[in-house]
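Chemist: Got a structure here, written out as structure tokens. Questions coming.
The values are calculated or read from the model by the stated rules, or taken from the named source; none is laboratory data. Values in this document were obtained by computation on a predicted structure and should not be read as measured data. Note that each Cβ is placed from the backbone with ideal geometry, even for glycine, and that neighbours are counted across all protein chains shown. Accessible surface is based on the protein model in full, side chains and every heavy atom, while ligands, DNA and RNA are left aside. Shrake-Rupley method; radii C 1.70, N 1.55, O 1.52, S 1.80 Å.
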Amino acid sequence: MKYNWQWGVYLQPATDGSGPWIQYLLVGLVWTLATALSAWVIALVIGSIVGTLRTTPMKWVVRIGNAYVEIFRNVPLLVQMFLWFFVMPELLPQQLGDAVKQMAPPWGSFLPAVLCLGLYTSVRVAEQVRAGIQSLPRGQMMAATALGLTMPQAYRFVVLPMAFRIILPPLTSEFLNIIKNSSVALTIGLLELTGRARAMQEFTFKVFEAFAAATVIYLLTNLIVVLLMRVLERKVRVPGFIGSAPTGGGH
């Protein structure tokens, strides 16, 4: 294929007057990271709670946790994104729904995107937490209760610290996924990195240059995350359990 690459397009002024196109794309990266980090907080908190509850002996709590996981896991992310953006404001009380619909850009798209990605990823985190807890020897919980700890105290001080150290590598993969999945938010109008690459190719007709830049930025961002998480994994790994990825391994 013969294609006349025009790398100078990155230095040409963007149509919104904010600066060159490369700056336009980097602002998109900021929105990508803001969306991913905000959603990750939701996913980690709710996923940890749901995953822990699914390992308790209370059957009705386990059933509720299982239902939550199956609902959000079996509906495509794109469908959930549309539901949060188009349907949820209609289900809220009228005053609150109107306020959500009238939020100024980009917040009107940012908020539904964060909630959607957070809840969608929370079920995957919940599965990781449940698997991590169930991989521990039962003797740890029994020893904790034998020392006089209540069940919540045993989870807090004994079980969960061990489980999170074991599941850190799969949690790293989930964090990488949430960065990549944030690109779905362009379908509801959020101009994150992919959305801005698409806008750049529409205004400049340089589709290869636009998405080549987006690809490189995604790749570098995720490689930085992987390297940082590997350092953390080596520091907190539990000898004898699943630990940090071996040198040259991947997530």
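Chemist: Taking the Cα centre of the chain as origin, sum charge times position over the Cβ atoms of Lys and Arg (+1) and Asp and Glu (-1), and report the length of that vector in debye to the nearest 20.
Modeler: Dipole magnitude for the chain comes out near 900 debye.
Chemist: Residue separation times 0.36 nm, minus the C-alpha to C-alpha distance between Asn66 and Phe211: what's the value?
Modeler: 48.3 nm
Chemist: Roughly how many percent of the accessible protein surface of the chain is carbon and sulfur, given a 1.4 Å probe and a whole-percent answer?
Modeler: Carbon-and-sulfur percentage of accessible area, whole number: 68.
Chemist: Right, something else. If I ignore ligands, DNA and RNA and count only protein heavy atoms, how much of Met103 is accessible to a 1.4 Å probe, in Å² to the nearest 10?
Modeler: Rounded to the nearest 10, that gives 70 Å².
Chemist: Roughly how compact is the stretch 38-184, stated as its Cα Rg over 2.2 N^0.38 Å to two decimals?
Modeler: 1.22
Chemist: Still on this structure, I have one more. List the chymotrypsin sites (Phe, Trp or Tyr not before Pro) in the stretch 5-81 that DSSP assigns to loop (not H, G, I, E or B) and whose Cβ has at most 11 other Cβ atoms within 10 Å. Which are they?
Modeler: Sparse-neighbourhood loop chymotrypsin sites (Phe, Trp or Tyr not before Pro): Trp5.
Chemist: Could you check the simple spin-label distance between Ala131 and Lys2, using points 7 Å along Cα→Cβ, in nm with one decimal?
Modeler: 5.1 nm
Chemist: Pick out which of Arg54, Arg124, Arg138 has the largest mean-square fluctuation in a Gaussian network model of the chain, springs linking Cα atoms closer than 10 Å.
Modeler: Sorting by GNM fluctuation, first place goes to Arg138.
Chemist: Also, quick follow-up: Round to the nearest 0.05 the FRET efficiency obtained for Gln12 and Leu219 when R0 = 22 Å and r is the Cβ-Cβ distance.
Modeler: It comes out at approximately 0.40.
Chemist: Remind me, what semi-axes does the stretch 172-226 give for its equivalent ellipsoid, largest first in whole Å, using sqrt of 5 times each Cα gyration tensor eigenvalue?
Modeler: Listed largest to smallest, the semi-axes of the stretch 172-226 are 22, 14, 6 Å.
Chemist: Here's something else I'd like to know. Kindly express, to the nearest 10 degrees and within the range 0 to 90, the angle between helix 193-204's C-alpha long axis and the longest C-alpha principal axis of the chain.
Modeler: 10 degrees
Chemist: Provide the solvent-accessible area of Lys180, counting protein heavy atoms only and rolling a 1.4 Å probe, rounded to the nearest 10 Å².
Modeler: 100 Å²
Chemist: Once all Cα-Cα distances of the stretch 42-111 are split into 5 Å bins that start at 0, what whole-number percent is in each one?
Modeler: 3, 14, 17, 17, 16, 15, 11, 5, 1, 0
Chemist: Tell me, in nm to one decimal, what length is gained between Val236 and Thr150 on full extension, where the rule is 0.36 nm per residue of separation less the Cα-Cα distance?
Modeler: Taking 0.36 nm per residue and subtracting the Cα distance, the gain is 28.4 nm.
Chemist: Now a separate question. Report, to one decimal in Å, the Kirkwood hydrodynamic radius for the stretch 1-121 based on all distinct Cα pairs.
Modeler: 17.5 Å
Chemist: To continue, here is another question. I'd like the distance between the alpha-carbon centres of the stretch 144-200 and the stretch 7-54, rounded to an integer number of Å.
Modeler: Cα centroid of the stretch 144-200 versus Cα centroid of the stretch 7-54: 16 Å apart.
Chemist: Determine the relative contact order of the chain: mean sequence separation of Cα pairs under 8 Å and six or more apart, normalised by residue count, in whole percent.
Modeler: Across the chain, relative contact order equals 25 percent.
Chemist: Figure the gain on full extension for Ala104 and Val45 (residue separation times 0.36 nm, minus the Cα-Cα span) and round it to one decimal in nm.
Modeler: 18.5 nm
Chemist: Positive end of the dipole of the stretch 9-120, charges at C-beta (+1 Lys, Arg; -1 Asp, Glu), about the Cα centre: which of Val87, Met103, Gly17 has its Cα farthest in that direction?
Modeler: Toward the positive end, the furthest listed residue is Val87.
Chemist: Sticking with this one: Can you tell me the alpha carbon radius of gyration of the stretch 113-251 divided by the globular rule-of-thumb value 2.2 N^0.38 Å?
Modeler: Its radius of gyration relative to the 2.2 N^0.38 Å reference: 1.39.
Chemist: Follow-up question, since we're still on this one. So with the 1.4 Å probe, I'd like the accessible area per residue for the chain, rounded to whole Å².
Modeler: 55 Å²
Chemist: For Lys235, go through the lysines and keep the ones whose alpha-carbon is under 28 Å away, minus same-chain ones fewer than eight residues off.
Modeler: By straight Cα distance, Lys235 reaches Lys180.
Chemist: Quick one: P(r) of the stretch 79-130 from all Cα-Cα pairs, 10 Å bins, percents rounded to integers, in order of increasing distance.
Modeler: Calculated over all Cα pairs of the stretch 79-130, the distribution is 25, 45, 22, 8 percent.
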